[in-house]
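Only one structure is covered here, and it is reproduced in the block below.
Computed from the coordinates by the stated procedures, all read-outs in this text should not be read as laboratory data. Keep in mind the model is a prediction, meaning the values are calculated, not measured. For neighbour counting, all protein chains shown are included, and Cβ atoms are generated from backbone atoms with ideal geometry for every residue, glycine included.
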Amino acid sequence: MHKAMGLHSGILLLTLLVALGPCNAGEPKSVVIETPSGPVRGYREDLNENLYVHRFIKIPYAEPPVGNLRFRKPNPIGKWSEVQGVPEKHGPACMQQDLGLELEFKPENSEDCLHVNVYVPGEVARGRRLAVMVYIYGGGFVFGCAGEYRGQRLAAHGDVIVVTFNYRLGLFGFLNLLDPVAKGNYGLWDQMMAIRWVHENIEAFGGNPDSITIFGESAGGMSVHYQTLFPSNEGMFQKAISMSGVVNRQVVTKDENIKKVIKKITESTECKMEDKAELFDCLQNLPPADVVAAVNVYDMMAPDNFTLEMLLGPSIDGELVTSKLYDTMHDRNAPESRFYRSVDFMAGTTNAEGSLLYFSILPDFEAALNFSHQDGIPQRVLCDAIIPGMIQDLYGSRPDLSEALCQFYSSDEGNEVQSNQAADFYGDSVMVAPTVSALLAHSRDNAGRRTYSYLVSAPSPLPFGPPAPPWFKGCGHADELYLLFDMPDLPIQNLTEAKHEQLSSRIIRYFTNFAKTGDPNSGDTPVDWPLYKPMERQYLNFDFELSVNKDFHVEATKIFQPELRELFVNDREEL
């Protein structure tokens, strides 16, 4: 595969500027450049009188995964002759279920979705050698698209090239039949292909193929961490930023959950074959909408139980994912760990990741336990249902751990405090403690590469997701994204307070400095961001007033990460 993927890696990039001028009346000025894959057209977009970008939208990076390429690893795109790129600000999304949310941005869904979008600050010139930031979107591996994340502001203010891309989701991206005919992880292979395409083509846009940072949020942050643990990515990128998501105990789909999905497929489609090869052929020939409708992850959740079960997502396939990477990343002799520790790494969370809890509570669960999350999350719900359900998924049968966590997250200070404690339990278990584990695995005895940690505490004026219940406090999951991207459903132009604009400028400066040099600090950053070291564990807190602190929610981390507890007992002794 790698030989095929690298067909263009040795090709000298051709002349940059082929055409310049308006496509036709009413369209913005455009530029056509020649890449190793073929000619592409970008469109100028003025942000203000001093800043502009060129956006290249809907550029293919792999063959369309349709027909007999459905449920298979992506094929390299090869070379095209017709000019690629559209004047619109986004292309189609990959096939995915409708979550029923009232959103301004609802792009067309298509199986032919493996495209990149490239945002170049200012003029497009091959010799500029700009740092490159490649973004991987989140959405639980079942929804999301590149078009949600417009890179104009980040590119223009950070003076970096920003790339976003689509990867396959749900069954299209992760169908695993527990048989060699369909081993899953096609979405992860898509990500690898997109990153490789950027490495091989970005010089034509003015980018530096030897200065590529991959970054992503939520499932995108997990995906970034996955990609740093695949040694076959060596040389494709040099830095990585995992935002509110890393490889954790529940990010690999269990075989029993895969079997549940297979059973659901045979119940909800005409594909009822027991033979896996026949089942695969049937699924390949279903209309795309029928594949989407075959499995709804929300419909498969038990109404009276709270679970972290991943039903559609990465799994151990014996080829790309060969082990439980949560454990492997700590084994410094493992090739996955060696590659991970060879790149500069940054990771962080928001201070209230537990907003995911009220995102996840379904009406049937509320009815079964006789409560409303809008009014609060009582201790009995936390201790009798939420904690045991999640601990079962993360650790197996551990009533002792469930009891300890019930005591730790219980409060007698009233409903508001108790409800936020319940949210903290969710955020600590899924995001905060695993992020500490990833940071320690990267930084321990690793003087050759840099490690940085951050926290975002400033509440968003445009919170992500459904309306927050009145008791909820803090910066919730995904609430930092407005600081980096222009998002159709979180329009930055609605922000009028200078403090939000200043915070956005600061986080863009720190992140793009890291992308350029591996060090987020520079002469124009207001606070010196220290390296994350195992004995010090400092992070930069992105609040309206920046500060450097240590050990966010450390007591919770000690409970969730018993294998690292000795580090917190004796700070003077590095592991």
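For the reader, a short list of remarks on this structure follows.
- Spin-label pair residue 254/residue 364, simplified geometry with 7 Å Cα→Cβ offset, distance in nm: 1.9 nm
- Annotation: amide H of residue 93 within the under-5 Å range of 108, 109, 110, sequence separation 5 or more or interchain, hydrogens built in the peptide plane.
- Antiparallel content of DSSP bridges confined to the chain, in %, to 5: 50 percent
- Sum of side-chain charges, residue 483 neighbourhood, beta-carbon under 14 Å (Lys, Arg +1; Asp, Glu -1): -2
- What the phi angles of the range 146-155 give under the Karplus curve with 6.51, -1.76 and 1.60, with θ = phi - 60°, is a coupling list of 5, x, 5, 10, 8, x, 4, 5, 4, 5 Hz, glycine and proline written as x.
- With R₀ fixed at 60 Å, the C-beta to C-beta distance from residue 505 to residue 275 puts the FRET efficiency at about 0.55.
- For residue 35, residues with placed amide H under 5 Å, excluding near neighbours: 40
- Contour excess over end-to-end distance, with Cα ends at residue 531 and residue 333 and 0.36 nm allotted per residue: 68.9 nm
- Alpha-carbon Rg/Rh ratio, for the range 330-422, with Rh computed the Kirkwood way: 1.12
- Percent antiparallel among DSSP beta bridges (both partners in the range 349-569, rounded to 5): 45 percent
- Where labels lie 7 Å past Cα in the beta-carbon direction, separation of residue 75 and residue 267 in nm: 3.6 nm
- Phi angles of the range 38-52 translate, via the Karplus equation with coefficients 6.51, -1.76, 1.60 and θ = phi - 60°, into HN-Hα couplings of x, x, 9, 10, x, 10, 6, 9, 7, 8, 7, 5, 10, 10, 8 Hz per residue; Gly and Pro are given as x.
- Taking the fewest neighbouring Cβ atoms within 10 Å as the starting point, the ordered list for 475, 282 is 282, 475.
- Between residue 29 and 44, the built amide H atoms are under 5 Å apart, and every one of these is 5 or more places off in sequence or on another chain.
- For the Cα trace of the range 349-569, dividing Rg by the Kirkwood Rh returns an Rg/Rh value of 0.99.
- Sorted by Cβ neighbour density within 10 Å, fewest at the top, the residues 178, 154: 178, 154
- With the simple model of a label 7 Å out from the Cα in the direction of the Cβ, residue 374 to residue 293 spans 3.1 nm.
- Of the chymotrypsin sites (Phe, Trp or Tyr not before Pro) found in the range 170-206, not one falls in a DSSP loop while having at most 16 other beta-carbon atoms within 10 Å.
- Backbone geometry of the range 228-243 corresponds, through the Karplus equation with coefficients 6.51, -1.76 and 1.60 at θ = phi - 60°, to 3J(HN,Hα) couplings of 6, 9, 9, x, 5, 7, 3, x, 7, 8, 10, 9, 8, 10, 9, 9 Hz, x marking Gly and Pro.
- Kirkwood Rh in Å, taken over all unlike Cα pairs in the chain: 24.4 Å
- Using the Cβ-Cβ distance between residue 83 and residue 524 with R0 set to 41 Å, the FRET efficiency from 1/(1 + (r/R0)^6) comes to roughly 0.55.
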